[in-house]
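Participant: I have a structure I would like to understand better, so I am pasting it below and will then ask my questions one at a time.
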Amino acid sequence: MSAEGRSGLQLRSQIKKSGELEISLVDVPTPEPSADEVVVRVEATPINPSDLGLLVGAADMSTVKAAGSKDAPIITARVPDAAMRAMTGRLDQSMPVGNEGAGVVIRAGSSDAAKALMGKNVAMIGGAMYTQYRTIKVSDCAVLPEGTAPAEGASWFVNPLTALGMVETMRREGHKALVHTAAASNLGQMLNKICLKDGVALVNIVRKPEQAEILHKIGAKHIVDSTSPTFLEDLTEALAETGATIAFDAIGGGKLAGQILACMEAAINRSAKVYSRYGSNVHKQVYIYGMLDPGPTELYRSFGMTWSVGGWLLFPFLMKVGPTEMAKLRQRVVSELKTTFASHYTQVVSLQEALQLSHLAVYGRRATGEKYLINPNKA
């Protein structure tokens, strides 16, 4: 093994039995690749909401403190007692973070498939991406198109396949249009581009006029603002126009999921011929796939009896559709990486900079338009 990549820094998160979160950088050896593995110098890895779930867990970030040095920072915060039960499975474990990333293959195993990746820019999925060097299976890599930088391919998996998975779920469950909340996010913009390209009606729910403007600029047709005094009327009108009966909710807590179901029922009943005390027979579905609001989901039962609220996650969906369909979805992402699935970042930081309190305060808000990219090998 050459000197480069023998070891490197890796970001680790640990929740201790004492109720303290600790985030730090650890110098770890890079495993030598087996026959069907490669070693990648990681040059870009995004901070997604799903990464923050592991990075900070259930910690109260108002208690966050910084220690250590500039080159070896340590972040600590308290985990509330009420939240510790949900953290039982990870207590006192130093856990690597980062779902996806991209970089350059600097070493390859003995198989032809591994050797074929040598020197190429690849995107990766498989966890532990907040690290300078990652040994990974060839099957968990995708070769980036010629002229595509790692930063352009870093977010190739989670958001693109989630957006595609939403549309595919809609089709498989017999719906003809869908609703999406927190709709101006990177993922939301991708979903709009997919729906516009595929001829699928999409109702976008945002929380600010500037978020609506982001979507208007990319051609979104149905946009409603949840802070507007006419929100429920506007949402019902959009649902009546599109016929959307399935929603994907990134918020999770609060009244929004119930409001969507109620407005779906109101839109359906506009064309009802006969009154039913049990509501319409049209199934209405809300899938919660995020928790921007970690509070309770509040449902006020004003939408009949034909409805469901459940959870939706990317990896169970991919397991359900199987490897052949997943390969098709992955290929579409790679072929449209600079168009439909282009991601935009407000800041590129090193591993050390990612643990600066000023940066943590920004990306920790999970706000639209504040997406961070880590370059673990940034000088």
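Participant: Please identify the chymotrypsin sites (Phe, Trp or Tyr not before Pro) of segment 127-175 that satisfy two criteria: DSSP loop assignment and at most 14 other Cβ atoms within 10 Å. Which are they?
Facilitator: Sites meeting the loop and neighbour criteria: none at all.
Participant: Still on this structure, please answer the following. Taking only Cα atoms, what is the 0 to 90° angle, nearest 10, from helix 314-335's long axis to the longest principal axis of the chain?
Facilitator: Result, in degrees: 70.
Participant: Pull out the extension gain between Glu241 and Arg277, defined as 0.36 nm times the separation in residues minus the alpha carbon to alpha carbon distance; nm, one decimal.
Facilitator: 10.5 nm
Participant: Enumerate the lysines that Lys320 could reach by cross-link, defined here as Cα to Cα under 20 Å, with residues fewer than 8 away along the same chain left out.
Facilitator: Within the straight-line limit of under 20 Å, Lys320 reaches these lysines: Lys328.
Participant: For the pair Gln356 and Lys208, how long in nm is the line joining their label points, each one 7 Å along Cα→Cβ?
Facilitator: Reported label-point gap for Gln356 and Lys208 is 2.2 nm.
Participant: When the chain is treated as a GNM, springs tying every alpha-carbon pair under 10 Å, which of Ala183, Ala58, Ala154 comes out with the largest mean-square fluctuation?
Facilitator: Ala58
Participant: Looking only at Asp198, Asp36, Asp140, which one moves most when the chain is put into a Gaussian network model with springs between Cα atoms under 10 Å?
Facilitator: Looking only at Asp198, Asp36, Asp140, the biggest GNM fluctuation is shown by Asp198.
Participant: Which of Thr148, Thr162, Thr245 moves the most in a Gaussian network model of the chain with Cα springs under 10 Å?
Facilitator: Thr148
Participant: Rounded to the nearest whole Å², what accessible area per residue is found for the chain with the 1.4 Å probe?
Facilitator: So the chain comes to 46 Å² accessible per residue, rounded to a whole number.
Participant: Kindly provide the GluC sites (Glu not before Pro) of segment 69-159 that DSSP labels as loop, not H, G, I, E or B, and whose Cβ sees at most 11 other Cβ atoms within 10 Å.
Facilitator: Answer by residue number: Glu146.
Participant: Dipole magnitude of segment 5-95 about its Cα centre, charges +1 at Lys/Arg Cβ and -1 at Asp/Glu Cβ only, in debye to the nearest 20?
Facilitator: 340 debye
Participant: Carbon and sulfur atoms: what percent of the 1.4 Å accessible area of segment 133-215 do they account for?
Facilitator: After summing per-atom areas, the C and S share lands at 50 percent.
Participant: Another question about this same structure. Against the longest alpha carbon principal axis of the chain, how many degrees, from 0 to 90 and to the nearest 10, is the axis of helix 158-172 turned?
Facilitator: 30 degrees
Participant: Counting only helical runs of four or more DSSP H residues, what would the 222 nm mean residue ellipticity of the chain come to if each run contributes -39,500 (n - 2.57) and the total is spread over all its residues?
Facilitator: Helix-only estimate at 222 nm: -8500 deg cm²/dmol.
Participant: Turning to a different aspect of this structure: At what distance in angstrom do the alpha carbon centres of segment 30-107 and segment 221-246 lie from each other?
Facilitator: Between the Cα centres of segment 30-107 and segment 221-246 lies a distance of 38 Å.
Participant: In segment 241-379, what percent of the accessible surface is made up of carbon and sulfur (1.4 Å probe, ligands and nucleic acids excluded)?
Facilitator: It is 56 percent, rounded to a whole number.
Participant: Between the helical axis of 256-269 and the dominant principal axis of the chain, each derived from Cα atoms, what acute angle in degrees is found, rounded to the nearest 10?
Facilitator: Around 40 degrees separate the two axes.
Participant: What accessible area, in Å² to the nearest ten, does a 1.4 Å probe give for Asp293?
Facilitator: 60 Å²
Participant: Once amide H atoms are built 1.01 Å from N in the peptide plane, which residues 5 or more positions from Asp60, or in another chain, come under 5 Å H to H?
Facilitator: Counting only residues 5 or more places away or on other chains, the set is Arg78, Val79.
Participant: Please report the antiparallel percentage of the DSSP beta bridges confined to the chain, to the nearest 5.
Facilitator: 60 percent
Participant: Report which label in (1) 21.3; (2) 22.8; (3) 22.1 holds the value of Kirkwood radius over Cα pairs in Å derived from the coordinates of this structure.
Facilitator: Step by step, Kirkwood radius over Cα pairs in Å for this structure corresponds to label (3).
Participant: Alpha carbon centre of segment 132-146 versus segment 365-379: separation in Å?
Facilitator: 20 Å
Participant: Would you kindly derive the ³J(HN,Hα) couplings of segment 89-95 from the backbone phi angles with the Karplus curve 6.51 cos²θ - 1.76 cosθ + 1.60 (θ = phi - 60°), listing them in order in whole Hz, with x for Gly and Pro?
Facilitator: 3J(HN,Hα) across segment 89-95, in whole Hz: x, 10, 4, 6, 10, 7, 10.
Participant: Percent of accessible area on segment 64-125 owned by carbon and sulfur, 1.4 Å probe?
Facilitator: 55 percent
The values are calculated or read from the model by the stated rules, or taken from the named source; none is laboratory data. Since this is a predicted model, take the numbers as computed values, not measurements. FYI the Cβ positions are ideal-geometry reconstructions off the backbone, even for glycines, and counts take in every protein chain you see. These area figures cover heavy atoms from the full protein model, side chains too; ligands, DNA and RNA do not enter into them. Shrake-Rupley method; radii C 1.70, N 1.55, O 1.52, S 1.80 Å.
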